[in-house]
Amino acid sequence: IYADPAKRLELYFRPKDPYCHPVCANRFPTSTMLLRVRRRSKKKQQLDTEEQIQPEVQFEMEILGIVTTVYKFQGMSDFQYLAMHSGPDGKQTSMYDKVLMLKPEKEEFFNRDLPLYIPPPIFSRLDTPVDYFYRPDIQHREGYNNPQVSGENLIGLSRARRPHNAIFVNFDDEEIPTKPLDAAVQNWKKVCTNPVDKKVEEELRKLFEARPVWSRNAVKANISVHPDKLKVLLPYLAYYMLTGPWRSLWVRFGYDPRKQPEAKIYQVLDFRIRCGMKYGYAATDMPVKAKRSTYNYSLPITVKKQGSHTVSVHDLKQGLGSAGTSGAKKSPSSRYKLKESVYIFREGALPPYRQMFYQLCDLNVESLQKIIHRNDGTESECTERDGWCLAKTSDDLRDSMSLMIKQIIRSTRPALFSNTTSSEDGKEQLAYESGEDEDDEEEEEEDFKPSDGSENEMETEILDYV
């Protein structure tokens, strides 16, 4: 807990009870001393039996060190939920021996008739009392109608859709849009209020003229534009593909990649770095850390928002100072730009994240390009799975890229591969499997900290527009 300033210290009143809800302490910087005080008593020699002997008391004090961080329990304890059952006579019966499996059990353990016991998943999300300011009903603008509630959406929407007005196209749609929606045009005109915005529009227009299909990460690596303005600008110049080999990509209006074999190079590749003992290294040995993990979930209950932890002399000596505090601020022309590595794959360099979405033209490795262009000039059909490429092209690309990454990890951590077996000709035999069938293995991973603005799960990009 101490190693992560954003985490809270948890105290469990019943540590052996998995249903015990903890109380949490917040972290605070301090400058206090830790003392060791000894009290020594020395009895005096007894001269008169009738008089009471007062022992001689001495105190010894020693400074052990300086305390730079303290944890304070300032919140209230939440409700506690016991695994109990109330009988007809009102008597409470413990169910811990019936619901907790402390050892491997036989089938009879799971087929017993027991009272229904479903603990609540969560109680309150705050541990301090707050005033709830009730608001009146939302007054929408004239012409707004509440969304209809259907069987697929029983809860309904709590707000109006964001007015970004992007056009979504599926692979099996017959027609593609040739111009943006009128609302998208009006939205951009409202936002484009200064020369910088107009310059960004021209830069993006030139990008789509040179290359008709772009991922949002690729755009953000080539143009410095505020993310909120990019959400409004992209629907003004391109439409969004939902399915097929160009899924999660933005396509220039009027350009249909399904009818252009040369659009093969713009297809998307969902690549995930493989980790596991069958590949020679575990998830904890990966030089590339995952963005997030359920293992490091922080409780959402907070007394106050976490502030920046004051850097003390002790922290500086231990190398715990905030990263980037001494660096110069980025210039406006590159303030929002991402690094090229968020969309370009190069030989000898590790991807910044374990899951990446690459366009085929951004795989800057000659051997990979040979795989992509194996059927140049003989493309006959565009399929939803492989596009204009040969079948299993994506699998071949993933295998080659995984081998390159393993070689990089071998060079940086040779001890991991000390027992790797090799074939007669010295080539390594790897048990490859398709990345599409591979689950996200996130064991012992670190929390994702968006330091360089990476939004790499591009398939979730649709959530910004609905």
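The values are calculated or read from the model by the stated rules, or taken from the named source; none is laboratory data. Please read these numbers as outputs of a predicted model, since none were measured by experiment. Because the Cβ atoms are built from the backbone with ideal geometry, glycine has one as well, and the counts that use them run over all protein chains shown. Please note that ligands, DNA and RNA were not included when accessible areas were found on the heavy atoms of the full protein model with its side chains. Shrake-Rupley method; radii C 1.70, N 1.55, O 1.52, S 1.80 Å.
For the set 368, 242, solvent exposure ranked by accessible area (probe 1.4 Å, protein chains only) runs largest to smallest as 242, 368. Where the accessible area of region 13-146 is counted over protein heavy atoms with a 1.4 Å probe, how much of it, in %, is carbon and sulfur? Carbon and sulfur: 54 percent of the exposed surface of region 13-146.
If you stretched the chain out fully between residue 347 and residue 43, how much longer would it get, using 0.36 nm times the residue separation minus the C-alpha to C-alpha distance? Let's see the in-between values first.
Working: separation 304, 0.36 × 304 = 109.44 nm, distance 7.96 nm.
Fully extending the segment from residue 347 to residue 43 adds 101.5 nm.
Distance between the 7 Å Cα→Cβ label points at residue 199 and residue 383: 4.8 nm. Work out the FRET efficiency for residue 107 and residue 66 from their Cβ-Cβ distance, taking R0 = 35 Å, and round it to the nearest 0.05. It comes out at approximately 0.05. Peptide packing for 76-84, 265-273 was compared via the average number of neighbouring C-beta atoms within 10 Å per residue; ordered from the highest value, the list is 265-273, 76-84. Length gained on full extension, residue 2 to residue 395: 137.2 nm, using 0.36 nm per residue less the C-alpha separation. Solvent-accessible area assigned to carbon and sulfur over region 166-223 amounts to 52 percent, based on a 1.4 Å probe. As a quick test, which of the pairs 198/229; 189/339; 206/231; 264/337 have an alpha carbon distance above 23 angstrom in this structure? Long pairs (Cα-Cα over 23 Å): 189/339; 264/337. Here residue 141 and residue 190 are evaluated by their C-beta separation; at R0 = 22 Å the FRET efficiency comes out at 0.90.
Distance between the 7 Å Cα→Cβ label points at residue 77 and residue 36: 3.4 nm. So which GluC sites (Glu not before Pro) in region 93-140 are both in a DSSP loop and have at most 13 other Cβ atoms within 10 Å of their Cβ? In loop regions of region 93-140 (DSSP not H, G, I, E or B), the sparsely surrounded GluC sites (Glu not before Pro) are 105. When each of the peptides 26-32, 87-93, 392-398 is scored by the mean number of other C-beta atoms lying within 10 Å of its residues, the order from highest to lowest reads 392-398, 26-32, 87-93.
Judged by the mean number of other Cβ atoms found within 10 Å, the most tightly packed of the peptides 335-344, 66-75 leads the ranking 335-344, 66-75. Placing R0 at 30 angstrom, the Cβ-Cβ distance between residue 170 and residue 12 gives a FRET efficiency of 0.05 after rounding to 0.05.
Within region 344-390, the trypsin sites (Lys or Arg not before Pro) that combine a DSSP coil assignment with at most 12 other C-beta atoms in a 10 angstrom radius are 374.
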